[in-house]
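Asks: I have a structure I would like to understand better, so I am pasting it below and will then ask my questions one at a time.
Coordinate-derived values only; no laboratory data. Keep in mind that what you see is a predicted model, and the values were worked out from it rather than measured. Neighbour counts run over all protein chains shown; Cβ positions are idealised from the backbone, glycine included.
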């Protein structure tokens, strides 16, 4: 047994090339396979504070099992799953938002590849190679059924409601008027209270976002139907379970690769676009430009 092949779990090579693992799990009637090996990119990733603002080298190994072409191939590139689709899946997920966990990134890359018609199963291994005299990584296997389940569990499209600070006191009345034909996500403006002044823009940004979150918690304490939520996962879960969400913006905004500038209604516009909202309802502010339908009330 060599370091390259490593110990085996059953008949599976644990530390060997991902292509070997895919071959070992192929079964009696294997699919064709395409792969990308040792694809290295520099990206900001990690859950720890010291990993923010720091580019790390991350290595990707991907094997996709593909269904055989049911017609003569005739050397036609449009009939096969291109290698570019594997690297494009990595690039798309890295650009979507800043990610804390390799596990999250691997899951998203795998599901994106499995959306391709030809892809039947995908193996993804991701490793951080800058953290010390070793590699840290995660490896997953996902099948076409995973995409089907994810699509079946997809959240409905919400109505995002922006409440200007002077309107927040009437939030309960507005909730009654709006009804629940679409899931509601409330996005608050910054409270009309003094805030600390920081010496750096990043620190001031966090202070301003935390002020909005304080207002969110204050509103949630007044209405048992409302829950403060901070992540896309929490928002999706709340919508599926008919809960009214009050958005705590710090996590999503600070983790965004190209996050929103400004505050107040600008944050609500960004959230509505990220959530593909059926509409953005603006209460107590002027009509903004947005990539979703907008109504202004109040």
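Asks: Run the simple label-point estimate for residue 255 and residue 136 please: 7 Å along Cα→C-beta, distance reported in nm.
Replies: The answer from the label model is 1.7 nm.
Asks: How large is the translational diffusion coefficient of the chain in µm² per second when you combine the Kirkwood radius over alpha carbon pairs with Stokes-Einstein at 25 °C and 0.890 mPa s? Don't jump to the answer; show the numbers that get you there.
Replies: Values: Rh = 21.9 Å.
Reported coefficient: 112 µm²/s.
Asks: Helix-only estimate, please: 222 nm mean residue ellipticity of the chain, summing -39500 (n - 2.57) across DSSP H runs of length 4 or more and dividing by its residues, to the nearest 500.
Replies: On the way: 9 runs with 96 residues, N = 298.
The per-residue figure over the chain is -9500 deg cm²/dmol.
Asks: What do you get for the angle between helix 83-96 and the principal long axis of the chain? Use alpha-carbon atoms, 0 to 90 degrees, nearest ten.
Replies: 20
Asks: Something else now. Label points 7 Å out from Cα along the Cβ direction at residue 287 and residue 47: separation in nm?
Replies: 4.6
Asks: How large are Rg and Dmax for the stretch 159-297 when only the alpha carbon atoms are used, in Å?
Replies: In Å, with Rg to one decimal and Dmax whole: 14.0, 45.
Asks: Label the stretch 213-253 by shape, choosing from rounded, prolate and oblate, from the square roots a ≥ b ≥ c of the eigenvalues of the Cα gyration tensor; if a/c is under 1.5 it is rounded, and otherwise prolate applies when a/b is larger than b/c, oblate when it is not.
Replies: Numbers: a/c = 3.83, a/b = 1.07, b/c = 3.57.
Note, shape of the stretch 213-253 comes out oblate.
Asks: If each residue of separation counts as 0.36 nm, what is the full-extension length gain between residue 217 and residue 82 once their alpha-carbon separation is subtracted?
Replies: On the way: separation 135, 0.36 × 135 = 48.60 nm, distance 4.82 nm.
Working it through step by step, the gained length comes to 43.8 nm.
Asks: On C-alpha positions alone, give me the angle between the axis of helix 265-274 and the longest principal axis of the chain, in degrees, nearest 10.
Replies: On a 0 to 90 degree scale, this one is about 30.
Asks: May I ask you to compute the full-extension gain from residue 173 to residue 29, defined as 0.36 nm times their residue separation minus their alpha-carbon distance, rounded to one decimal in nm?
Replies: Working: separation 144, 0.36 × 144 = 51.84 nm, distance 6.18 nm.
Length difference between fully extended and current span is 45.7 nm.
Asks: With labels modelled as points extended 7 Å from the Cα through the Cβ direction, what inter-label distance (nm, one decimal) is found for residue 101 paired with residue 266?
Replies: Label at residue 101, label at residue 266, 3.2 nm between them.
Asks: Moving on to the next point. What share of the DSSP beta bridges in the chain is antiparallel, in percent to the nearest 5?
Replies: Approximately 60 percent, going by the DSSP bridge assignments.
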